Amino acid sequence: MFDVGSSVSVGSIEVLTTDNRGHSIEEVAQMAADRILYVADEAPPPIRDQAQAFKNTLKQTLIYYMHQAVEQDRATICAELRKNGYSDLADNLRSL
Amino acid sequence: MAISQAMCTAFKSEVLKATHNFSASGGNSFKIALYAEGGGGKSSTTATLGAATTAFTTTGEVASSGTYVTGGLALTNVDPTTGGTTGFTDFADKSFTTATITAMGAMIYNDTNSDKAVCVLDFGTNKTSTAGTFTITFPAAAASTAIIRIA
């Protein structure tokens, strides 16, 4: 007789919440970095440290380009607002 | 506890009957619904969810707010794959914006196939957003961490 052992498991999620705002670029970058690279606590220390260092660099790169994306998107929206006569609104948006 | 994290028992047998298809392309549509404990749900109902849960229920579900609507929102499937001897699947993170929500847990269910429950997620404590963003981040898609794993 043969027995085939198996198990079905559910992983652990994380919940992030904010009050009266959306997530910051830094928070979103952290989420992205966590999805891109998982570093196991039980990994050999030299590998774990190197992976963690890479992850930190990755996060900083994500933050930089997300800032660029938000800035460029706002510039496009502001240009549209100005074109349609909403200069004050455009100025307020640019000052955020 | 009224909400206990578990892979639903019925789901385990349904997997063997090919009831659920997690493929990114051509797979079933899965939704995630949020639940409250202690009468925090709509109509002051309290959720009782766990391994014995078989299908989506409105009892204890949080009310619609911001981009969250009752019945839950569709998840984005990620193609199932393997790591070592473990098969696993994943979903893209889900955010509900401009939402005032207090939730203690969630249920993932198959919207394509009679709302059959997949798993119950226990947040451990009440998680609250006030006119803000409520984000659920799924664990890394790896053999030892992914949200749904068959080892």
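Its residues counted as N, chain B yields a C-alpha radius of gyration over 2.2 N^0.38 Å of 1.00. Computed across the stretch A:1-46, the Kirkwood radius stands at 14.8 Å (inverse of mean 1/r, all Cα pairs).
Using the Cα centre of chain A as the reference point, and only Cβ charges (+1 on K/R, -1 on D/E), how large is the resulting charge dipole? Debye, rounded to the nearest 20.
400
Net charge of the neighbourhood of residue B:49, taken over other residues with C-beta under 11 Å away and scored Lys/Arg +1, Asp/Glu -1, is -3. Estimated translational diffusion coefficient (Stokes-Einstein, Kirkwood radius over Cα pairs, 37 °C, 0.692 mPa s) of the stretch A:34-87: 237 µm² per second. For chain B, the Cβ-based charge dipole about the Cα centre amounts to some 80 debye (Lys, Arg positive; Asp, Glu negative; other atoms uncharged). Annotation: average projected area of the stretch B:79-151 is 5.7 square nanometres, based on the convex hull of Cα atoms across all directions.
Of all alpha-carbon pairs in chain A, indicate the percentage at a distance above 23 angstrom.
54
Measuring nothing but how far apart in sequence close Cα pairs (under 8 Å, 6+ apart) lie, relative to its length, chain A scores a relative contact order of 21 percent.
Note on chain B: Lys pairs 8 or more places apart or on different chains, Cα atoms under 23 Å apart, count 13.
Here is the size of the protein assembly as shown from its Cα atoms: Rg then Dmax, 20.6, 80 Å.
Roughly speaking, what is the centre-to-centre gap between the stretch A:1-71 and the stretch B:104-151 when only Cα atoms are used, to the nearest Å? Going from one Cα centre to the other spans 16 Å. Using the average count of surrounding beta-carbon atoms within 10 Å as a protection proxy, the listed peptides B:98-111, B:138-151, A:62-75 rank, highest first, as B:98-111, B:138-151, A:62-75.
No lab work stands behind these numbers, since they all come straight from the coordinates. Because the structure is a prediction, the values reported are computed rather than measured. Here Cβ is always computed from backbone atoms with ideal geometry, including for glycine, and neighbour counts include all displayed protein chains.
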